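S.K.: Before we start, here is the structure in question, set down as C-alpha cells.
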Amino acid sequence: MSIALSIGFMPLVDAAPLIAASEMGFAREEGLDLRLERAPSWSTLRDMLAFGGVEAAHMLSPVPVAMALGLGGVSVPLSAVSVLAVNGDVIGVSRALAERMRAQGFGFDFSDAVAARAALRAAAGAGLRIGVPFPFSMHAELLHYWLSEPGAPAIDIRTVPPPLMAEAIAAGEIDAFCVGEPWGSIAVETGVGELLLPGAAIWAFAPARCSRCAATGPRARKRRWGG
C-alpha cells in the first residue's frame, strides 16, 4: 500500500529531484504516491503549504525561518527535511544596463563579484531596481550582502515571480534580477537580459531551496500518515 503525499513546487531546475522521483518511479519504490502541484509564485506556494493545500513543498530556504518568526503575515511551524539546491541562483541585468557597463570597460568575466559590483553601481547610479522572487529568500540575502556598502545608495528590491522575471526586464519594470534557473537563462535566450554573476561568486555555499518543508504538529502528522 502506498502513502499519498501532495507536494507543491515551483518550475525551477532544483525541483528536478521531486519531478524525477514522481515520473521515474523512485517514489513508488519507497511506497509513496507523489501528487505534485505546480504553483505560480513562492507566496502562493507558501500559502498552499500553510493552509493545507499541500502537505509538503519545494521551498525557499529562508521561508521556514520567516514563518516561524511570523514574518509576512503567516505563522505555521515547518520542518525543513533536506536541501535541494546550493548556489542555484544567477544575477542578470537588462541589455541596456549591460551596454552601459561594457562602455565603461567591464568585461563580464562572470567571476569577480567586487568588480561587477563597482561596474553595476557606476552604470546604474542611484536608481537600481532589482527583481527577486520573494522578500524572504536567499536571492534578497545575496543582494543585500553583495551591494550593501558604506555610503552606497540603497537598492530598490522588488518581488517578481520567477516565470515573469524576463517579462519584467523587457517591460522596463526592473533593471536587474537575482533568480533561480532556468529563468535567468530565459532572459538571455529571449534577448532581454544578460547574466552578470552566479550566486557562488558572492556566497560560497548559499542554500537556496529546501525540500519537503512539511507542516508539523499532531494535526499535520495525522493528515499525512493517518496516525
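The values are calculated or read from the model by the stated rules, or taken from the named source; none is laboratory data. Just so we're clear, the structure is a prediction, and the values are computed from it rather than from any experiment. Counting neighbours? That spans all protein chains shown, and the Cβs are built from the backbone with ideal geometry, glycine included.
S.K.: Suppose we filter region 73-124 for residues that are among the hydroxyl-bearing types (Ser, Thr, Tyr) and either out of contact with any strand residue (DSSP E or B) (no Cβ under 7 Å at 6 or more places or on another chain) or assigned by TED's automatic domain parsing to the domain that holds residue 193 (or both); how many remain?
M.R.: The total comes to 3.
S.K.: Sort out which residues of region 72-111 are under 18 Å from residue 146 (Cα atoms), not aromatic (Phe, Trp, Tyr) and not in a helix (DSSP H, G or I), and write them in order of number.
M.R.: Within region 72-111, 86, 87, 88, 89, 90, 91, 92, 93, 109, 111 meet the criteria.
S.K.: Further, regarding this structure: Here are some residues: 142, 84, 97. Which one is among the aliphatic types (A, V, I, L, M) and touching a Ser or Thr at 6+ places or on another chain (Cβ under 6 Å)?
M.R.: None of the others qualify; the one that does is 84.
S.K.: Across region 29-47, which residue is nearest to the chain's Cα centre (by Cα) among those that are within 19 Å of residue 82 (Cβ to Cβ) and assigned to a helix (DSSP H, G or I)?
M.R.: 42
Conditions (1) touching a His at 6+ places or on another chain (Cβ under 7 Å); (2) under 30 Å from residue 191 (Cα atoms); (3) of a type in the set (Ser, Thr, Tyr), marked per residue:
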{"site": "38", "(1), (2), (3)": "no, yes, no"}
{"site": "52", "(1), (2), (3)": "no, no, no"}
{"site": "56", "(1), (2), (3)": "no, no, no"}
{"site": "69", "(1), (2), (3)": "no, no, no"}
{"site": "79", "(1), (2), (3)": "no, no, yes"}
{"site": "89", "(1), (2), (3)": "yes, yes, no"}
{"site": "92", "(1), (2), (3)": "no, yes, no"}
{"site": "96", "(1), (2), (3)": "no, yes, no"}
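S.K.: Kindly list the number of the only condition in (1) exposed (fewer than 15 other Cβ atoms within 10 Å of the Cβ); (2) closer than 18 Å to residue 193 by Cβ; (3) within 18 Å of the chain's Cα centre (by Cα) that fails for residue 145.
M.R.: All conditions are met except number (2).
S.K.: Of all residues in region 112-142, which are in a loop (DSSP other than H, G, I, E, B), at pLDDT below 90 and either over 11 Å from the mean Cα position of the chain (by Cα) or among the aliphatic types (A, V, I, L, M) (or both)?
M.R.: 125, 126, 127
S.K.: Between residues in region 166-185 that are closer than 18 Å to residue 10 by Cα and among the charged types (D, E, K, R) and residues that are modelled with pLDDT under 95 and assigned to a helix (DSSP H, G or I), which pairs lie under 6 Å by C-beta distance while being six or more apart or on different chains?
M.R.: Listed pairs, sorted by first residue: 181/13.
S.K.: Also: If you go through region 7-24, how many residues are closer than 27 Å to residue 165 by Cβ and not in a helix (DSSP H, G or I)?
M.R.: Residues in region 7-24 being closer than 27 Å to residue 165 by Cβ and not in a helix (DSSP H, G or I): 6 in total.
S.K.: Another question about this same structure. Residue check: is residue 66 farther than 23 Å from residue 159 by Cα, not basic (Lys, Arg) and not in a loop (DSSP other than H, G, I, E, B)?
M.R.: no
S.K.: Another question, then. Would you pick out the residues in region 26-77 that are closer than 20 Å to residue 12 by Cα, surrounded by fewer than 17 Cβ atoms within 10 Å (Cβ to Cβ) and among the polar types (S, T, N, Q)?
M.R.: 44
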